[in-house]
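The values are calculated or read from the model by the stated rules, or taken from the named source; none is laboratory data. All figures in this text were calculated on a predicted structure; none of them were measured in a lab. All Cβ positions, glycine included, derive from the backbone under ideal geometry; neighbour counts span all protein chains shown. Accessible surface is based on the protein model in full, side chains and every heavy atom, while ligands, DNA and RNA are left aside. Shrake-Rupley method; radii C 1.70, N 1.55, O 1.52, S 1.80 Å.
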Amino acid sequence: MLFVVRTTELLTVTWKDNSVVMIDQTKLPNKLEFVKCKTYERVADCIKNMVIRGAPAIGVAAAMGLALAALKSKTKTPDGLLHELDIAFKALRNTRPTAVNLLWALERVMKKANSQSSVKTIKAIVLNEALEMAKEDINTNKEMGVFGSALIEDGDNILTHCNAGALATVAYGTALGVLRAAKEQGKRISVIATETRPVLQGARLTAFELKHDGIDVSVAPDTAIGSLMSSGAVKKIIVGADRVLRTGHVFNKIGTYQVAVLANKHDLPLYVAAPLSTFDLKSDPDKVTIEQRPFDEITTMGGKRIVPKGVRVFNPAFDVTPPELISGIITEKGVLRPPYDMAIKTIIE
Ligand code: MRU
């Protein structure tokens with residue numbers, strides 16, 4: 001299926017005037033500002049510091065980072081250029097370890113680069129592949145929207161965690177793309193965005209983009225999730241993913257596991273929306289690196305210290321939800337149902 005991209009759509013990351021331009025997500029919701037990256041090192045920095053974040057978005061940004069490395073290279077030989085690309089590849093790959101889209105995107109571009117034998121064609125193919133990926137991302141999200149929206153009923157109250165929206169992708173979103181599609185079909189929905197401590201992607205980003213699109217949204221503290229579920233305020237849950245394993249284990253923003261356990265306790269369906277670029281068929285659940293973020297995200301709030309000095313803190317950025325807590329995984333090829341190992345095999349092989 002091919003969808004039309006509206007030119008008015010706000011793009012999280014784009015290629016413009018030989019630069020990578022991205023929305024500065026650290027400034028939202030108070031300011032809508034853009035950052036222009038002219039080097040791959042700057043792109044890597046923006047990924048690491050979460051100027052851009054969300055699994056598909058950092059994949060596309062990293063691919064465009066490689067395009068910048070190719071473009072800026074002064075080398076005269078294909079081997080020299082491939083060597084420089086390899087250095088950029090490593091720098092971009094080492095920014096954030098959990099979302100597999102980053103590695104997937106970088107490897108896909110490097111494979112194309114290695115298929116060429118001249119400096120000119122390597123440069124051209126690297127940029128072309130990165131731009132292709134950005135286009136594909138929007139299309140994939142819209143395809144997921146078609147399948148996923150069938151799970152949403154008129155009048156649903158849906159809880160989502162973190163931000164798996166337009167801001168986590170090039171546009172439209174994965175989990176929030178499903179909700180956008182449901183809204184476009186005329187279904188009346190209301191969304192509860194969890195705050196998502198400590199970086200507050202739910203409060204700052206999900207609420208911002210849903211409000212921007214006129215989708216009814218309320219923000220709730222992470223600590224209210226159980227109480228909201230037990231009071232009947234939530235009908236279903238939809239989240240995104242940073243990595244889905246062949247077993248159906250889902251790595252996503254810290255707190256997703258808690259949401260899933262509570263959903264299970266209250267007999268509420270929990271769906272994960274993830275493009276196939278988020279699937280990692282090689283790793284075992286205990287082999288995936290969970291990113292540990294800086295402690296000051298926990299110890300300070302609004303620039304003020306909130307934890308006594310000298311007290312230990314934990315700040316894992318992601319957790320893993322086991323397959324038995326997941327009712328379905330929405331992909332661009334359809335909705336997968338348990339047993340996921342079988343369903344994933346059928347769809348991918
Ligand atoms: O640390 P972040 O903000 O990059 O984490 C993002 C998430 O966990 C999202 O839920 C996930 O990447 C899915 S995005 C479509």
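Just check region 144-348 against the gyration tensor rule for me: Cα atoms, a ≥ b ≥ c as the square roots of the eigenvalues, rounded for a/c under 1.5, and otherwise prolate or oblate depending on whether a/b exceeds b/c. Judged from the Cα gyration tensor, region 144-348 comes out oblate (a/c at least 1.5, b/c at or above a/b). A crude spin-label estimate for the pair E297 and E136, with each label 7 Å from Cα along the Cβ direction, gives 2.8 nm. Give the percent of DSSP beta bridges with both residues in the chain that are antiparallel, rounded to the nearest 5. Close to 50 percent.
Spin-label model, R246/D45: points 7 Å from Cα along the beta carbon direction are separated by 4.1 nm. Taking a straight line from the alpha carbon of K187, these lysines sit under 21 Å away, with near neighbours fewer than eight places off in the same chain left out: K142, K211, K235, K236. Note on region 182-243 and region 44-69: Cα centroid distance 25 Å, given to the nearest whole angstrom. Against the chain, whose longest principal axis comes from its Cα atoms, helix 175-184 is set at around 70 degrees.
For trypsin sites (Lys or Arg not before Pro), the sites in region 233-313 that DSSP calls loop and that have at most 13 other Cβ atoms within 10 Å are K282, K309, R312.
A Stokes-Einstein calculation at 37 °C with viscosity 0.692 mPa s, built on the Kirkwood radius of the chain over Cα pairs, returns a diffusion coefficient of 160 µm²/s. When you filter the trypsin sites (Lys or Arg not before Pro) in region 37-97 for DSSP loop state and at most 12 other Cβ atoms inside 10 Å of their Cβ, you are left with K74, K76. For the chain, the carbon plus sulfur part of the accessible surface works out to 55%, probe radius 1.4 Å. Taking 22 Å as the straight-line reach from the Cα of K120, the lysines in range (excluding those fewer than 8 positions away in the same chain) are K16, K38, K72, K74, K76, K111, K112.
Label-to-label distance for T75 and A124 is 2.0 nm, based on points extended 7 Å past Cα in the beta-carbon direction. Here region 101-134 and region 276-349 have alpha carbon centers that stand 28 Å from each other. Across region 332-349, coupling constants 3J(HN,Hα) worked out from phi with the 6.51/-1.76/1.60 Karplus curve, θ = phi - 60°, read 6, 9, x, 9, 8, 10, x, x, 5, 4, 5, 4, 5, 4, 4, 7, 9, 8 Hz, and Gly and Pro carry x.
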